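Asker: The structure's right below; bear with me while I get my questions together.
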Amino acid sequence: MENISIKEKILRSIDPVVKNSSSVRIDNSKITLLAKKLEKYPIPGWDNVLQFLGSPEETVQYYFFLDSINFCFWNTQEKKRWEFEKDDQWLHGYYAFSYAIKKAFLADKKLLDASYLSEITFDEFAKIFESRGELLLLKERHEIIRENFKILQEKYNGKAINLVTAAKNNVNKLVELIINDFPSFNDYFESNGQKIYFLKRAQLFVSDINYAFQNKNTGYFKNMEDLTIFADYKLPQLLESEGILVYSEKLKNKLANYELIEKNSREEIEIRTNTIYACELLLGELNGLGRGLTSSNLDWILWVLSKENEPLLPYHRTITTNY
């Protein structure tokens with residue numbers, strides 16, 4: 001493992017892209033304004049109704065399953081958005097997804113068994129998400145679950161908690177184990193022989209475990225500050241609505257017209273790199289105001305805020321297994 005933190009690894013890799021962006025730029029004056037707005041904004045509570053909480057072993061297994069396939073909850077224009085019912089209410093987005101998996105885990109303990117999941121049929125897997133609308137990339141999700149739980153069986157005796165304990169409470173070690181052992185988590189883009197790292201889902205898994213266990217026992221990590229925020233499609237949408245991310249007219253028009261932004265296109269890479277960089281600047285401003293947050297805390301605040309607000313510009317739509 002390189003002798004630098006995951007955060008440093010990511011920030012070093014994205015720096016050349018941020019400095020040479022043509023479709024996205026950062027307005028530093030707006031970062032100061034948002035920092036003042038967030039100065040007293042509380043860290044939101046964790047939802048154990050729509051997410052699973054059982055024994056430590058079960059809970060880590062659930063989040064490993066969930067974050068293996070935690071991506072793309074939006075709908076293309078020609079398809080109906082996927083939703084899941086709970087108590088006569090239709091959930092959508094991430095919480096529909098987390099609750100569907102929780103419900104399936106509570107109903108069928110086989111879903112805790114890595115040997116079963118490594119061979120689960122597509123039909124058995126698809127039943128977990130049986131509802132109305134269409135969940136994007138269902139076949140890819142199925143393949144990832146089979147692959148990840150096969151590796152988990154071979155390397156960690158089928159238990160995600162063994163993966164977590166192998167890291168000895170060190171986020172850098174845990175993220176490195178995840179991206180080295182589970183290819184589907186290795187979220188990077190290679191350009192001119194240089195890797196640009198994002199590592200969204202690998203970092204998110206660490207953060208989810210940390211929050212689920214309230215930074216205690218299995219979820220205690222001594223260096224949560226070594227993670228960045230998790231580059232997705234909701235955070236850049238919020239940052240653009242706050243004036244922090246400024247898009248070119250061409251990019252704005254594409255988003256306004258719900259045009260797909262191609263995976264690994266220059267526009268997508270610029271959105272994601274500038275989101276991470278802007279959030280690090282925002283974190284610095286907030287810490288200067290005495291907040292003492294980690295990037296994981298800030299990510300959680302911004303994600304919840306993005307669900308409360310109704311930005312004018314749609315988020316960028318990229319068909320990807322990364323976020």
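The values are calculated or read from the model by the stated rules, or taken from the named source; none is laboratory data. Owing to the predicted nature of the structure, the values given are computational and were not obtained by experimental measurement. Positions of Cβ are backbone-derived with ideal geometry, glycine not excepted, and every protein chain shown enters the neighbour counts. Ligands, DNA and RNA are excluded from the accessible area calculation, which covers all protein heavy atoms including side chains. Shrake-Rupley method; radii C 1.70, N 1.55, O 1.52, S 1.80 Å.
Asker: Being under 28 Å from L135 (Cα atoms) and either touching a helix residue (DSSP H, G or I) at 6+ places or on another chain (Cβ under 7 Å) or basic (K, R) (or both) narrows it down to one of E259, E270, so name that one.
Answerer: E270
Asker: Taking the range 51-70 only, how many residues are part of a loop (DSSP other than H, G, I, E, B) and surrounded by 17 or more Cβ atoms within 10 Å (Cβ to Cβ)?
Answerer: Of the residues in the range 51-70, 4 are part of a loop (DSSP other than H, G, I, E, B) and surrounded by 17 or more Cβ atoms within 10 Å (Cβ to Cβ).
Asker: Still on this structure: Test of understanding: among F125, F129, F73, F84, which residue is aromatic (F, W, Y), open to solvent by less than 40 Å² (accessible area, probe 1.4 Å), touching a Lys or Arg at 6+ places or on another chain (Cβ under 9 Å) and more than 21 Å from R201 (Cα to Cα)?
Answerer: F84
Asker: Can I ask one more? Look at the range 185-227 and say how many of its residues are open to solvent by 40 Å² or more (accessible area, probe 1.4 Å) and at positive phi.
Answerer: Residues meeting the conditions: 5.
Asker: Search the range 30-44 for residues that are under 15 Å from W303 (Cα atoms) and pair each with any residue that is part of a loop (DSSP other than H, G, I, E, B) and of a type in the set (D, E) when their beta-carbon atoms are under 6 Å apart and the residues are at least 6 apart or on different chains.
Answerer: If the second residue must be part of a loop (DSSP other than H, G, I, E, B) and of a type in the set (D, E), the pairs left are L34/E242.
Asker: A further question on this structure: Mind checking which residues of the range 276-323 are among the charged types (D, E, K, R) and not in a helix (DSSP H, G or I)?
Answerer: R291, E310, R317
Asker: Another question, if that's okay. Which of the residues spanning the range 33-89 are more than 19 Å from the chain's Cα centre (by Cα), among the small types (G, A, S) and either modelled with pLDDT under 95 or more than 27 Å from N157 (Cα to Cα) (or both)?
Answerer: Within the range 33-89, just A35 meets the criteria.
Asker: Would you mind telling me which numbered condition in (1) assigned to a loop (DSSP other than H, G, I, E, B); (2) more than 17 Å from Y94 (Cβ to Cβ); (3) among the hydroxyl-bearing types (S, T, Y) T273 fails?
Answerer: Going through (1) assigned to a loop (DSSP other than H, G, I, E, B); (2) more than 17 Å from Y94 (Cβ to Cβ); (3) among the hydroxyl-bearing types (S, T, Y) one by one, T273 breaks only (1).
Asker: Take the conditions among the acidic types (D, E) and either in a loop (DSSP other than H, G, I, E, B) or within 16 Å of I244 (Cα to Cα) (or both) and apply them to E268. Does it pass?
Answerer: No.
Asker: For the range 21-33: of the residues being in a helix (DSSP H, G or I) and under 11 Å from L245 (Cβ atoms), which is least open to solvent (accessible area, probe 1.4 Å)?
Answerer: I31
Asker: Same structure, new question: Can you confirm whether N162 is open to solvent by 30 Å² or more (accessible area, probe 1.4 Å) and touching a helix residue (DSSP H, G or I) at 6+ places or on another chain (Cβ under 8 Å)?
Answerer: yes
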